[in-house]
1. Quick one: if you take sqrt(5λ) for each eigenvalue of the C-alpha gyration tensor of segment 60-132, what semi-axes come out, biggest first, whole angstrom?
2. Determine the sum of side-chain charges near Arg105: Lys and Arg each +1, Asp and Glu each -1, restricted to other residues whose C-beta is under 9 angstrom from that of Arg105.
3. In sequence order, what are the phi-derived ³J(HN,Hα) couplings for segment 125-133 according to the Karplus relation 6.51 cos²θ - 1.76 cosθ + 1.60 with θ = phi - 60°, rounded to whole Hz, with x for glycine and proline?
4. Tally Lys/Arg at +1 and Asp/Glu at -1 over every other residue whose Cβ is under 11 Å from the Cβ of Ala72; what's the total?
5. For a protection proxy built on the mean count of beta-carbon atoms within 10 angstrom, sort 66-74, 93-101 highest first, please.
Amino acid sequence: MFLTRWAFPSLCRRPRWISATAAMAFASQGGAVPSMRPSWPQAGPPAKRARIAPSGGTTATGEVRFADPAAAQLALDLSGSMIGDHAVEVELDSGSRDSTRITVRGLPLGYDWRDLKDFFAQCGTVKFADCVSSGGLSPSSGSTAEV
């Protein structure tokens, strides 16, 4: 027995979480002392996080300012129109003091301010047009312009 403890100490050592009384109870019943680790069910590999697209990740937002408020009211009727393969939402900008500024949501990414100006020119004289991607950056180099 002494040789066994000296040559194979791991075989004779009981886990710390099992008391000496419990180890003797296992031995008296003819069973072996349980292994070091309890058999906990394995959870498997860690789950991957779902990627959440930023709000409006596939569309851009535009701003158009008209010469008079009547043109902005006409532009509101274009809400739901198709630009490319995107349906756009047109709403009056609440921050506009003279009610000449509209916000256009749902524009295709990379849509140019010149195209936005040409689209809304059917409503009246466009004084300003701008397109901003969802990240807050202008999709084209000269996207902000006074017209």
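We did not get these values from a lab; they are worked out from the coordinates using the rules stated. All of these numbers come straight from a predicted model, not from anything done at the bench. Neighbour counts are summed over all protein chains in view; Cβ atoms, including those assigned to glycine, are modelled from backbone coordinates with ideal geometry.
1. So the equivalent ellipsoid measures 18, 12, 11 Å along its semi-axes.
2. Residues near Arg105 contribute -2 overall.
3. For segment 125-133, the Karplus curve yields 6, 8, 8, 8, 9, 8, 10, 10, 6 Hz.
4. Charge balance in the 11 Å sphere: -2.
5. 66-74, 93-101
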